[in-house]
Amino acid sequence: MNKRLNLLQVDRGIASVLVVLAHGGTILSRNLNQDGLLKIFHFGWIGVDFFFVLSGFIIFYIHQADIGNPSRFESFAFKRFIRVYPLYWSVLACKSLVSLFDASKDGIYQWNIGEIAKAILLLPQDRSILESGFIGVSWTLNYEVFFYCMFGLLILMNAKIYRPIIFAWIIGIVLNLFNVLPIGENFLLTFIFDARNLEFVFGCLAAYVIAKYQFKFPALLIYASASMLFLSVINTRYGEYNVSGISSVIAYGIPFTLLIIGSTYLEISRLVNVPLLLIYLGDASYSIYLTHGFFLNSISKIFTKLADKLGILALIQNNSIYWNAIAFLMVLIAVAMGCVIHSYFEKPLITNLRKKVFARMS
């Protein structure tokens, strides 16, 4: 199946913007000492749940024929490496360079060599370390890379070997989800069996369903998922990652799975006209996701200093209309800058790397 699924690209773009809005509410409130309408997007972290489910879907959708075929592992590994690491390393290097000249930031330089190596390689690491010294959202890439490794086992190993491993892993995740897996405080085991990993499995399951079964009413799945997501959002308490005591894996992972299945069935069964701008936003989502925190933080600090020098900072802070307009403008600029990074850096970088790497492989 080689069909490009534009609806999922749109969903990916929306998810990235939700994350930007959520972080915008936090970063701008902190830097400008003012709360605003961005707080209504506190649930924007659910974009991470969508990214995890979508990643599982895309990897299985594209590479299901590679399972059990070790000769395909090298191609799979290079594709995943090129997709994740070059841009991540570039953004990390830029942020580290900025923090070197910013006395208010310790950045990467406050950590020991082991923690720095883990951050560079995206090995499992405490989230607080990544958020304070590296790229805040990179903790999610730890899970992405781990999932790629687990899927790589499916490609490398014989079914008799990988099936028990994958089955035991999934069972362990489910048991840990219900707090009955005896792993204690062990960080690595907690990471391996973290409930978030189940969202990648949901995505793989969605791709399997698409490949094996037909469904005549995809719109029903989309409506059902939208209804479930609405109920989950209105029951989400600010700053908490669960819904009325229910894990976000269930509250958001399942609706996003249904949304992906419905969207895919819909686009496979009929022609769906999708605005090119929304497709582009999905294409640029990784650049937006990695860079938005840096841009929001930098833009808000520059604005604060400039407004203070001009003597208008107090006026803006005391006027909710001005404040909210400026806050949303900053979010828009951060998204736009992510798009610029995608068009003029990420896209040509990945294109050139793919040509060079696969030319050598062939």
* Asked: Within the stretch 95-104, is even one residue under 23 Å from Leu54 (Cβ atoms) and open to solvent by 70 Å² or more (accessible area, probe 1.4 Å)?
  -> no
* Report whether or not Ile288 is touching a Ser or Thr at 6+ places or on another chain (Cβ under 8 Å), within 30 Å of Phe52 (Cα to Cα) and either in a helix (DSSP H, G or I) or not acidic (Asp, Glu) (or both). => yes
* Asked: How many residues does the stretch 269-285 hold that are in a helix (DSSP H, G or I) and open to solvent by less than 30 Å² (accessible area, probe 1.4 Å)?
  -> 3
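Residues Ser55, Ser90: which one is surrounded by fewer than 19 Cβ atoms within 10 Å (Cβ to Cβ), modelled with pLDDT of 90 or more and either within 30 Å of Lys355 (Cα to Cα) or not aliphatic (A, V, I, L, M) (or both)?
Details: Ser55 fails: surrounded by fewer than 19 Cβ atoms within 10 Å (Cβ to Cβ).
Going through Ser55, Ser90 in turn, just one is surrounded by fewer than 19 Cβ atoms within 10 Å (Cβ to Cβ), modelled with pLDDT of 90 or more and either within 30 Å of Lys355 (Cα to Cα) or not aliphatic (A, V, I, L, M) (or both): Ser90.
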* **Enumeration of residues in the stretch 198-222 that are open to solvent by 50 Å² or more (accessible area, probe 1.4 Å), touching a helix residue (DSSP H, G or I) at 6+ places or on another chain (Cβ under 8 Å) and in a helix (DSSP H, G or I)** => Leu205, Tyr208, Leu220
* Listing of helices (runs of 4 or more DSSP H) fully contained in the stretch 307-361 that carry 1 or more residues being under 22 Å from His23 (Cβ atoms) and touching a residue at least 60 places away in the same chain (Cβ under 8 Å) -> 313-317, 320-341
* To do: Scan (1) among the aliphatic types (A, V, I, L, M); (2) more than 14 Å from Phe50 (Cβ to Cβ); (3) out of contact with any Pro (no Cβ under 6 Å at 6 or more places or on another chain) for the single condition Ile261 breaks and write down its number.
  => (2)
* Structure fact -> Of (1) out of contact with any Leu (no Cβ under 8 Å at 6 or more places or on another chain); (2) modelled with pLDDT of 90 or more; (3) within 24 Å of Thr140 (Cβ to Cβ); (4) open to solvent by less than 40 Å² (accessible area, probe 1.4 Å), Ala195 fails just (1)
* Evaluate the following for Gly133: is it open to solvent by 20 Å² or more (accessible area, probe 1.4 Å), of a type outside the set (A, V, I, L, M), modelled with pLDDT under 90 and in contact with a helix residue (DSSP H, G or I) (Cβ under 9 Å, 6 or more places away or on another chain)? => no
* Can you name the condition, by its number, that Arg4 falls short on among (1) under 17 Å from Ser263 (Cα atoms); (2) open to solvent by 40 Å² or more (accessible area, probe 1.4 Å); (3) in a helix (DSSP H, G or I)? -> (3)
* **Output for the stretch 26-55, where each listed residue is of a type in the set (Gly, Ala, Ser) and closer than 16 Å to Ile288 by Cα** => Gly44, Gly47
* Return yes or no: is Ala251 touching a His at 6+ places or on another chain (Cβ under 6 Å) and either open to solvent by 20 Å² or more (accessible area, probe 1.4 Å) or part of a helix (DSSP H, G or I) (or both)? => no
* How do the helices (runs of 4 or more DSSP H) wholly within the stretch 63-174 filter down when requiring 2 or more residues that are without any contact (Cβ under 8 Å) to a residue 60 or more places away in the chain and touching a Leu at 6+ places or on another chain (Cβ under 8 Å): which remain? -> 113-121, 138-156
* State whether the residues of the stretch 257-268 include one that is β-branched (Val, Ile, Thr), surrounded by fewer than 18 Cβ atoms within 10 Å (Cβ to Cβ) and not in a loop (DSSP other than H, G, I, E, B). => yes
* Hey, any hits in the stretch 157-165 for a residue that's crowded, with 19+ Cβ neighbours inside 10 Å, modelled with pLDDT of 90 or more and either of a type in the set (Phe, Trp, Tyr) or at negative phi (or both)? -> no
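Which is under 20 Å from the mean Cα position of the chain (by Cα), buried (at least 18 other Cβ atoms within 10 Å of the Cβ), at negative phi and basic (Lys, Arg), of Arg127, Arg80?
So the residue among Arg127, Arg80 that is under 20 Å from the mean Cα position of the chain (by Cα), buried (at least 18 other Cβ atoms within 10 Å of the Cβ), at negative phi and basic (Lys, Arg) is Arg80.
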* Is the stretch 226-237 home to any residue that is in a helix (DSSP H, G or I), modelled with pLDDT of 90 or more and open to solvent by less than 40 Å² (accessible area, probe 1.4 Å)? -> yes
* Structure fact -> By residue number, the members of the stretch 300-356 that are open to solvent by 80 Å² or more (accessible area, probe 1.4 Å), under 20 Å from Ile27 (Cα atoms) and of a type in the set (Ser, Thr, Tyr) are Tyr322
* Please go through the stretch 319-346 and pick out each residue that is small (Gly, Ala, Ser) and touching a His at 6+ places or on another chain (Cβ under 9 Å). => Ala334, Gly338
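The values are calculated or read from the model by the stated rules, or taken from the named source; none is laboratory data. Everything numeric here is computed off the predicted structure, so don't read it as measured data. So basically every Cβ, Gly included, is an ideal-geometry build from the backbone, and we count neighbours across all protein chains shown. Accessible surface areas use protein heavy atoms only, side chains included; no ligands, DNA or RNA. Shrake-Rupley method; radii C 1.70, N 1.55, O 1.52, S 1.80 Å.
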